[in-house]
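Working notes, beginning with the structure itself.
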Amino acid sequence: MQKEKRTRVRALGLWVDAVTRDQAADVCLKLHRDGRGGLLVAANLNYAQWANELPKLAEQNKRADLCVADGMSLVVASSLKALGGGDGRLPARVTGSDLVDAISAHLAATHGALWLVGRHAASINAAVRSLAANYPGLDVTAPWLAGAPLEREWTERLLELVEGHRPAFLFLALGQPHGDLWIEENRDRLGATVVLQVGGALDYLSGLQKRAPQAWGDCGLEWAYRLIHHPRRLGPRYWNNGRFLLAWLSGYRGGHHFTGGTAK
């Protein structure tokens, strides 16, 4: 499908839309109104690293209907590139949580259906309760599927449900890069549904993780706040992400780093 003309900026090997929160929300809601479905990507540093290593994610990034900078590292990288004569800079960080909030508020007013699918029933159900409480009137459902997430039978059952019920939006919490690859492999069967891999936004929705204070996020230090509270879980990932970021900032393009193509 033809995407609307928007400025796309290169940051850490990704094509990222240069949009504000309000502009990103408008794109999400237009996809719903047009009834053609679509793919939303909230790209953080971890997504950038995976997309530079996995060609399928590199292609997904280029073909996404909207890719926002869910991480200050992408905003800073675009600014540094612009100082060196690059192709523009990202105006602001737009998080996955921002998209979830905008979409949920819209659906609460228009009665569109939102589905949440993930690996853990307890966290998904807690997120459903939170969204329902914050957005009265929101039609939010968590279809729980037996079996191992992402395996063939589980996938087929979920796709059958989506094809039968046609939810307006599908939020997946299946982890990176597994959830993103699942979307890429099954996108043709998602039809008019707009899909987003919500990642860490689910932790906030379910109450399993406390949001960093606004000041930390504004300074680009939300990652540090999360690391302090979850060092064992996030330490190894952040170590690898940090090495990748330093490699990019120093101009290194080794290994299987994605080197480009033209964004559609």
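The values are calculated or read from the model by the stated rules, or taken from the named source; none is laboratory data. Computed from a predicted structure; not experimentally measured. Note that each Cβ is placed from the backbone with ideal geometry, even for glycine, and that neighbours are counted across all protein chains shown. Just so you know, the surface numbers come from the protein's heavy atoms only, side chains and all, with ligands and any DNA or RNA stripped out. Shrake-Rupley method; radii C 1.70, N 1.55, O 1.52, S 1.80 Å.
Which residues, counting only those in region 144-179, are in contact with a strand residue (DSSP E or B) (Cβ under 9 Å, 6 or more places away or on another chain), open to solvent by less than 10 Å² (accessible area, probe 1.4 Å) and either acidic (Asp, Glu) or not in a loop (DSSP other than H, G, I, E, B) (or both)?
Once the filter is applied, which keeps residues that are in contact with a strand residue (DSSP E or B) (Cβ under 9 Å, 6 or more places away or on another chain), open to solvent by less than 10 Å² (accessible area, probe 1.4 Å) and either acidic (Asp, Glu) or not in a loop (DSSP other than H, G, I, E, B) (or both), region 144-179 yields Leu158, Val162, Phe169, Leu170, Phe171, Leu172, Gly179.
Contact list please: Cβ distance under 7 Å, first residue in region 24-45 and farther than 16 Å from Trp182 by Cβ, second residue open to solvent by 50 Å² or more (accessible area, probe 1.4 Å) and part of a loop (DSSP other than H, G, I, E, B), pairs at least six apart or on different chains.
Arg36/Met1
Among (1) within 12 Å of Val19 (Cβ to Cβ); (2) in contact with a Ser or Thr (Cβ under 9 Å, 6 or more places away or on another chain), there is one condition Gly71 misses while meeting the rest; what is its number?
Going through the list (1) within 12 Å of Val19 (Cβ to Cβ); (2) in contact with a Ser or Thr (Cβ under 9 Å, 6 or more places away or on another chain), Gly71 breaks only (1).
Specify which of the listed residues (Ala77, Ala69, Ala102, Ala113) is at pLDDT 90 or above, within 30 Å of Ser250 (Cα to Cα) and not charged (D, E, K, R).
The unique qualifying residue is Ala69.
Quick check, is Ala146 small (Gly, Ala, Ser), closer than 28 Å to Thr20 by Cβ and out of contact with any helix residue (DSSP H, G or I) (no Cβ under 6 Å at 6 or more places or on another chain)?
Taking the combined requirement at face value, the residue does not satisfy it.
Quick check: anything in region 145-159 at pLDDT 90 or above, basic (Lys, Arg) and under 27 Å from Leu29 (Cβ atoms)?
no
Looking only at region 155-187, how many residues end up being farther than 29 Å from Asn241 by Cβ and hydrophobic (A, V, I, L, M, F, W, C)?
Residues that pass the stated criteria total 5.
Name the residues in region 60-84 that are closer than 30 Å to Val162 by Cα and either in contact with an Asp or Glu (Cβ under 7 Å, 6 or more places away or on another chain) or among the polar types (S, T, N, Q) (or both), would you?
Once the filter is applied, which keeps residues that are closer than 30 Å to Val162 by Cα and either in contact with an Asp or Glu (Cβ under 7 Å, 6 or more places away or on another chain) or among the polar types (S, T, N, Q) (or both), region 60-84 yields Gln60, Asn61, Leu66, Cys67, Val68.
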